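Report on the following structure.
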Amino acid sequence: MTLGILTALPERPPVIVADNGSSDGTAAAAARWPGVRVIALGYNAGAAARTAGVQAARTPYVAFSDDDSWWEPGALAHAASALAAAPQVGLLAGRILVQPGNREDPVNRLLAAGPPSAALPGGHDILGFLACAAIVRRTAYLEAGGFHPRLGIGGEEDMLALDLRTAGWHCCHLPEVIAHHRPAHGDPRPGRARREVRNALWTAWLRRRPAGALRRTGEVLGRDWRHGPTWSGLAQAAAGLPWVLAQRSPVDPATEALLRTGLNGGPPGRAQVSTRRSLMSLGDKIGNKAEELKGKGKEEIGDATDDESLQAEGKGDQAGAGVKQAGEHVKDAAGDVKKAFTD
């Protein structure tokens, strides 16, 4: 559906499909569309596949679409005119209408809450966006490095917004530019919630200044700490601490101050508890998780005594959304994070 709509737009934009190593015939099917160019990566590059598309593009601006999103007729022409008149703007985030029903996406209200932009008349300055409704200036995107290759899909946009600002570019919301999104019904894609937690933490640890990194860590962990994806996401983030600290490049104080006001697409103070309280209560949370790991002991006793029923019971207790792995990393992660940003 997306290709049919995009190729029929009145602007007649050249369409580039970056195929993330699909094995179901998607690339071949896309290549049969007239005017569509397919870049077959041969592997799953996640959000960084968009960079391959931007590199291949020969237009000054590149609009992103996912397989479940498309642009309103005339939106691309409006965006191109706005960007041509605003040479300091590197990314334009449009207004999203959710289908069916043309419903306003809740993110629209958050983006429109940004302050009026001096770089784009009628626009709002932002430090967060959704990729399916974003149009980038090609030179700005490539200068900022594009989507980080380690993030995959799920919360990858915030780091790019910060990198664009660090490179001297504005990110702006322009509600007159409209994108449509028809999300699939049912459960989210496997691992999405875990990646969103991991990527939020990596973005904070890579780009936020020390106090901001700790504050953001507390927000992420405090928001939904009872759920497994929070802890498995933390475990994955902690496993990446060595490369994160090696590549850490914090934003300037002015950008950090803007993040504290909530300019990242959400209101300030989203956490239900303070950062300090979140970090201090990690010990209690670890204790709660340890209760769920008692099955490990049962399994080991069962192994030692050849008690198959105890082995089975232990394995059953350990089943779930990666609780065992998360529990092993939580304490070290909290200590490493606190140490990394307070030394």
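The values are calculated or read from the model by the stated rules, or taken from the named source; none is laboratory data. Predicted model, so just to flag it, every value in this text is computed and none were measured. Here Cβ is always computed from backbone atoms with ideal geometry, including for glycine, and neighbour counts include all displayed protein chains.
Some notes on this structure:
- Checked against the criteria, A49 counts as buried (at least 19 other Cβ atoms within 10 Å of the Cβ), more than 30 Å from P121 (Cβ to Cβ), modelled with pLDDT of 95 or more and not polar (S, T, N, Q).
- Conditions (1) modelled with pLDDT under 95; (2) surrounded by 22 or more Cβ atoms within 10 Å (Cβ to Cβ): number failed by G186: (2)
- Output for the range 231-263, where each listed residue is of a type in the set (S, T, N, Q) and free of Cβ contacts under 8 Å to residues at least 12 places away in the same chain: T261
- The listed residue being without any contact (Cβ under 8 Å) to a residue 60 or more places away in the chain, among the basic types (K, R) and in contact with a strand residue (DSSP E or B) (Cβ under 9 Å, 6 or more places away or on another chain), out of R109, R165, R95, R103: R103
- As a summary of the residue check, A204 satisfies the conditions (1) in contact (Cβ under 8 Å) with a residue 40 or more places away in the chain; (2) hydrophobic (A, V, I, L, M, F, W, C); (3) buried (at least 16 other Cβ atoms within 10 Å of the Cβ) except for the one numbered (1).
- Some residue of the range 8-22 being touching a residue at least 60 places away in the same chain (Cβ under 8 Å), crowded, with 17+ Cβ neighbours inside 10 Å, part of a strand (DSSP E or B) and not acidic (D, E): no
- Looking only at residues in the range 231-266 that are under 17 Å from L127 (Cα atoms) and assigned to a helix (DSSP H, G or I), the one that is nearest to the chain's Cα centre (by Cα) is L259.
- Boolean, A246 is out of contact with any helix residue (DSSP H, G or I) (no Cβ under 6 Å at 6 or more places or on another chain), modelled with pLDDT of 95 or more and surrounded by 14 or more Cβ atoms within 10 Å (Cβ to Cβ): no
- Any hit, the range 64-73, residues being within 19 Å of the chain's Cα centre (by Cα), modelled with pLDDT of 95 or more and closer than 19 Å to G145 by Cβ: yes
- Applying the set (1) in contact with a strand residue (DSSP E or B) (Cβ under 7 Å, 6 or more places away or on another chain); (2) free of Cβ contacts under 8 Å to residues at least 60 places away in the same chain; (3) among the hydroxyl-bearing types (S, T, Y) to S81 leaves exactly one unmet item: (1).
- Filter result for A40 (small (G, A, S), under 22 Å from R150 (Cα atoms), surrounded by fewer than 19 Cβ atoms within 10 Å (Cβ to Cβ) and at pLDDT 95 or above): yes
- Taken across the range 281-288, residues that are modelled with pLDDT of 80 or more and more than 30 Å from R95 (Cα to Cα) do not occur at all.
- Listed conditions (1) over 26 Å from L234 (Cα atoms); (2) buried (at least 22 other Cβ atoms within 10 Å of the Cβ) are all met by T166, apart from (2).
- Looking only at residues of the range 131-156 that are charged (D, E, K, R) and within 12 Å of F64 (Cα to Cα), we find that the one that is surrounded by the fewest Cβ atoms within 10 Å (Cβ to Cβ) is R138.
- Filter result for G228 (in contact (Cβ under 8 Å) with a residue 24 or more places away in the chain, farther than 25 Å from L120 by Cβ and crowded, with 21+ Cβ neighbours inside 10 Å): no
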